[in-house]
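**Student:** Sharing a structure, written as structure tokens. Questions coming.
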Amino acid sequence: MKYIKKLTAALLAALVLASGAAVTSCSDDDEFSTKQYIGGVTLNVFGPSPVARGGELRFLGSGMNQISAIVIPGCEPITDIKVISDKEIRVTVPQTAEPGKVTLKWSGGEIITKTMLSFTEPIELTEVQPLRAKAGDKITLKGDYLNLIHEVIFADEVTVDEEAFITHTRGEISLLLPEEAQSGKVIISDGAEIPNWIYSDDVLEVVLPSVKNVLDLTGVKPGNTVSAEGSDLDLVKRVVMPNDDEVEFTVADGKISFVLPANVSDGTICMVPASGVKVAVATIGVALPEEVVAEPATDLWAGDILKLKGVNMELVNTVTFPGVDEAVEPDDKKPGELTLTVPAGTQSGMLVLTTGSGATVEVAISTLKPEAVAYNPMPAPLAGTVEVKGKNLQNVTAIIFGGTTSVAVNAPSETEFTVGVPATLAAGVNTVSLELSNGEIVAVTDIELSAPECAYATVLPDEETEIRAGETFVLTIANESHLTGVKMNGQAVQYILNGTTLIVQVPQAAGKTSTVTLVSDNGEISYDIAVIPATHVGMTIWEGMWENAAWDGNQDLAWGGYDWSQVPAGATLTLYTTPLVAAGEWWCISLRHGDGWGNLPDPIPGQYDTPENGVLSVELTQGVLDDLVANGGLVITGQGYVLNKVVVEWEVSLETVIWNAGWDCSGWGGNQDLAWGGYDWSTVKPNSTLRLYTTPLVGEGEWWCISLRHGDGWGNLPGDAYSQLDTPASPVEVVLTAEILNDIIANGGLVITGDGYHLSKITIE
């Protein structure tokens, strides 16, 4: 039976560190240290002993890499030291060596072993035949005392145990060359715990597979079959590509053949025998698409059909469009031609064609741009409107004046759109750029602007200025003599005009984006102002010291004492009290309505026992509020406390309800209440948030979905992000970008469809 093993570093370490090989002394100390590695330069163990002359002697300890010479009796100092690590060194024992103690010299002194070095019978390896062999060939080793040898080791530490020897005598060992063996010297070993290793003088050459000529495969394509004539090809176990991927291969009639895979890349293709030595078969320079042209190469836009023509087009796997992160696959491949649909977001730039090998080729394209832009009127009035005319305007989402001031464009046609001119621009000539829905910005004809005749703002608050609801802010205006009033969100507000400085009072209920309007005797101008809303409302509705010893009733908030109709559902009612009883004793608060001191409806219980820290907070549901309004307000009773304060708090919602009719969606039915004129989407500001409040009609964990479309043909909204939202959390939130709003306005409004849910409310914030 044949045993083949490969010596590992871990196994070797285990052998040399095992006890029982030899005992040594450290420096001049008569006592042997039982510590394996104690630091400094120390010797723990050496061996083998006995050792063969011409064999290898090993020393293990600490700081072994600092040893400069080793002296064995009968020999000159040995300075040719093989340093394995700082813990191990090795030397070859000279033929003149004699028994005795061994001395290790280093810069700090010397170490003399306590144990005498002895020698084995003179094992000799005099001949290896043949010196060139193939895996499986018979190898014969000749010498003396080979009967003491238990292992033969070939290059890369491939070991054959004596059980696999064919012959094993004092003068000869024969065995079969393992297929894992590599070229190198042959080692014979006595297999001891710290073994004797004796190297052959000559190098054994292990036959490798070879090819007659390393092929040059420049210009080849994936799918091509490669055949190479060679020798000893039966030894090949694997064929690997330049990226180390393996491919199937065949060997027949002195040739090795394989097919180039789709992902083949430039580099060297190798065949590998069992020994792991790579042998080059071919070098490769993969073919690429050539002479590629785009048809059309200009005026492209999302949804257009693009053809790419050229040589080797079948090699292309994907195409990446400029401005688009994800690569797309061709819709169709024909010899010399690819067909693709231009994806949304495509910009002018370089198309990147990627082959299966990862190689790329670039082709220039450009998108559809606005042309021949003109303005009416010209000059255009600040704070007025201007009509922009030209060609290819349908993809414009914003117009940028003076390089910094951007105004959203709603529902442009191919030839025109109208926008308001910000009053804060400088009169005179201003640059103009148009932002397109793919993110590109195109410079167009400059515009001349004229100042308005009515009162208008010359300086608006900057972005860092915080304007809060309920407070004031400042504008600098011109033509101030014409000012007759100021409005916020359509309602007249208080203001103070001091020269050109206008101080405006912001209403408490102002939303995030509010509109301030300067009203003059000869016109009016409006501006959007960012406001920090006052979303939290809190008020103390009762305060004092009222003692409730035993079910007395405080009716100050009943019978018209407080208007409960002004409180919204979800508000919090908080009572602050001081208990009249000792800590740990019982007391309670009870909330009733005025009529007969009757109980309030759920979720208010009949009484609250011993509220923690004397503070009681309850939620006022719509049902509780309706009961208070209908039945005489709030009576506070109970036992054992002093009432100090009553507070009502709520949060102001910034959402505007635009639909709340209630609708069940099943089987992809469609709600068109907000389509075809059902809602004026042109009044919505870009980047507003649309929220849809839903309840699933299916069981927990079952699938349902909501889908948002535009009215015309129930087509997808831009970007396809909202075409199907699977089992979303309620509310579903949609950011209405300028692109989405333009699409909804131009295509019949919003259609809501999907399957398996109830829609209760839709809001915009």
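The values are calculated or read from the model by the stated rules, or taken from the named source; none is laboratory data. What you are looking at is a predicted structure, and each value in this text was computed from that prediction instead of being measured. In this analysis, Cβ positions are derived from the backbone assuming ideal geometry, glycine residues included, and neighbour counts consider all displayed protein chains. For accessibility, only protein heavy atoms count, side chains too; no ligands or nucleic acids. Shrake-Rupley method; radii C 1.70, N 1.55, O 1.52, S 1.80 Å.
**Student:** So what does log10 I(q)/I(0) come out to for segment 98-229 at q = 0.10, 0.13, 0.15 Å⁻¹, using the Debye formula with one equal point on every Cα and no solvent?
**Tutor:** Calculated log10 I(q)/I(0) at the listed q: -0.50, -0.68, -0.79.
**Student:** Compute the distance in nm between two label points, each set 7 Å from the Cα along the Cα-to-Cβ direction, one at Arg468 and one at Lys369.
**Tutor:** About 4.9 nm separates the two model spin labels.
**Student:** Lysines near Lys87 by alpha-carbon distance under 29 Å, same-chain residues fewer than 8 away left out - which ones?
**Tutor:** Here the lysines satisfying the reach criterion relative to Lys87 are Lys5, Lys6, Lys35, Lys101, Lys105, Lys114, Lys185.
**Student:** Distances over 20 Å make up what percent of all Cα-Cα pairs in segment 631-734? Present the calculation step by step, with values, prior to reporting the outcome.
**Tutor:** Working: 3037 of 5356 pairs.
The share of Cα pairs beyond 20 Å in segment 631-734 comes to 57 percent.
**Student:** Can you tell me the dipole magnitude for segment 629-765 around its Cα centre, using point charges on the Cβ only (Lys, Arg +1; Asp, Glu -1), in Debye to the nearest 20? Intermediate results must be reported in sequence, preceding the final value.
**Tutor:** Numbers: 5 positive and 16 negative charges, 95 e Å.
It works out to roughly 460 debye.
**Student:** Right, next: I'd like the Karplus ³J(HN,Hα) series for segment 284-300: coefficients 6.51, -1.76, 1.60, θ = phi - 60°, whole numbers in Hz, and an x wherever there's a Gly or Pro.
**Tutor:** Once rounded to whole Hz, the list reads 9, x, 5, 5, 10, x, 10, 6, 7, 10, 9, 10, x, 9, 10, 6, 8.
**Student:** Still on this model: Please compute one quarter of the surface area of the Cα convex hull for segment 279-348 and express it in square nanometres.
**Tutor:** Working: hull surface 24.4 nm².
Taking the Cα atoms of segment 279-348, their convex hull projects to 6.1 nm² on average.
**Student:** With θ set to phi - 60° and the Karplus curve 6.51 cos²θ - 1.76 cosθ + 1.60, what are the ³J(HN,Hα) couplings of segment 703-710 in order, to the nearest whole Hz, using x for Gly and Pro?
**Tutor:** Each residue of segment 703-710 in turn: 6, 8, 7, 10, 9, 10, 9, 8 Hz.
**Student:** Of the peptides 447-453, 427-433, how do they stack up when ordered by the mean number of other Cβ atoms within 10 Å, highest first? Present the calculation step by step, with values, prior to reporting the outcome.
**Tutor:** Working: 447-453: 18.4, 427-433: 15.1.
Highest to lowest by the protection proxy: 447-453, 427-433.
**Student:** Using per-residue counts of other Cβ atoms within 10 Å, averaged over each peptide, order 215-221, 434-440, 264-270 from highest down. Write out the running numbers ahead of the final one.
**Tutor:** On the way: 215-221: 15.4, 434-440: 20.7, 264-270: 18.9.
Averaged packing, sorted descending, gives the order 434-440, 264-270, 215-221.
**Student:** What does the net charge come to around Glu733 if you take all other residues with beta carbon closer than 10 Å to its beta carbon, with K and R at +1 and D and E at -1? Intermediate results must be reported in sequence, preceding the final value.
**Tutor:** Details: positive: Arg691; negative: Glu765.
Around Glu733, the surrounding residues sum to 0.
**Student:** Just for the chain, what percent of DSSP beta bridges are antiparallel, to the closest 5? Let's see the in-between values first.
**Tutor:** Numbers: 211 of 220 bridges.
Approximately 95 percent, going by the DSSP bridge assignments.
**Student:** Which lysines have a Cα lying under 29 Å from the Cα of Lys334, excluding residues fewer than 8 positions away in the same chain?
**Tutor:** Lys334 reaches Lys221, Lys307, Lys309.
**Student:** Over segment 173-244, one equal point on each Cα, no solvent: what is log10 I(q)/I(0) by the Debye formula at q = 0.13, 0.26 Å⁻¹?
**Tutor:** The computed values of log10 I(q)/I(0) come out as -0.63, -1.35.
**Student:** In addition: How much of the accessible area of segment 505-617, in percent, comes from carbon and sulfur atoms when a 1.4 Å probe is used? Don't skip to the end; give the middle numbers.
**Tutor:** On the way: 2850 of 5860 Å².
Accessible surface attributable to carbon and sulfur in segment 505-617 totals 49 percent.
**Student:** Calculate the FRET efficiency for Glu76 and Asp216 from the Cβ-Cβ distance with a Förster distance of 45 Å, rounded to the nearest 0.05. Intermediate values should be presented prior to the final figure.
**Tutor:** On the way: r = 55 Å, r/R0 = 1.22.
Efficiency computed from Cβ-Cβ geometry: 0.25.
**Student:** Set Lys and Arg Cβ to +1 and Asp and Glu Cβ to -1, take the dipole of segment 237-303 about its Cα centre, and tell me which of Met241, Val279, Ala302 lies farthest positive.
**Tutor:** Highest projection toward the positive end goes to Val279.
**Student:** Taking a quarter of the surface of the convex hull around the Cα atoms of segment 398-524, what do you get in nm²? Let's see the in-between values first.
**Tutor:** Working: hull surface 36.8 nm².
Taking a quarter of the hull surface, the average projection is 9.2 nm².
**Student:** Evaluate the charge dipole of segment 111-256 about its Cα centre and quote only its size in Debye, nearest 20, assuming +1 on the Cβ of each Lys and Arg and -1 on the Cβ of each Asp and Glu. If you can, show how the numbers build up before the last one.
**Tutor:** Working: 12 positive and 28 negative charges, 67 e Å.
Its charge dipole is roughly 320 debye.
**Student:** Return the Rg/Rh ratio of the chain with Cα-based radii and a Kirkwood Rh. Before the final figure, lay out each step's value.
**Tutor:** Numbers: Rg = 46.0 Å, Rh = 37.4 Å.
Ratio of gyration radius to Kirkwood radius for the chain: 1.23.
**Student:** Obtain the nm distance between the two label points defined at Glu193 and Thr476 by a simple spin-label model: each point lies 7 Å from its Cα along the Cα-to-C-beta direction.
**Tutor:** Going from the Glu193 label point to the Thr476 one covers 9.5 nm.
**Student:** I've got another one for you. Counting other Cβ atoms within 10 Å, keep those with at most 10, restrict to DSSP loop, and tell me which GluC sites (Glu not before Pro) in segment 302-361 are left. Before the final figure, lay out each step's value.
**Tutor:** Working: sites: Glu314, Glu326, Glu337; in loops: Glu326.
Passing sites in segment 302-361 are Glu326.
**Student:** Could you order the peptides 83-93, 629-639 from most to least packed, using the average number of other C-beta atoms within 10 Å per residue? Walk me through the numbers on the way to the answer.
**Tutor:** Values: 83-93: 17.0, 629-639: 19.8.
Highest-to-lowest ranking by the protection proxy: 629-639, 83-93.
**Student:** Turning to a different aspect of this structure: Please report, in debye to the nearest 20, how large the charge dipole of segment 320-390 is about its Cα centre when each Lys and Arg carries +1 at its beta carbon and each Asp and Glu carries -1 there. Before the final figure, lay out each step's value.
**Tutor:** Values: 4 positive and 9 negative charges, 52 e Å.
In total the dipole reaches around 240 debye.
**Student:** Within a Cβ distance under 15 Å of Ser666, other residues only, what is the Lys/Arg minus Asp/Glu net charge? Could the numbers behind the result be given before it?
**Tutor:** Working: positive: none; negative: Asp664, Glu702, Asp755.
Charge balance near Ser666 sits at -3.
**Student:** What accessible area per residue, rounded to a whole number of Å², is obtained for the chain using a probe radius of 1.4 Å?
**Tutor:** On the way: 35900 Å² over 765 residues.
About 47 Å² of surface per residue is accessible.
**Student:** How much length, in nm to one decimal, is gained on full extension between Lys185 and Asp161, taken as 0.36 nm per residue of separation minus their Cα-Cα distance?
**Tutor:** Additional length available on full extension: 6.9 nm.
**Student:** For a test of the definition: using alpha carbon positions, the gyration tensor, and the 1.5 limit on a/c, classify segment 605-661 as rounded, prolate or oblate. Walk me through the numbers before you get to the answer.
**Tutor:** Values: a/c = 2.83, a/b = 1.92, b/c = 1.47.
The shape class here is prolate.
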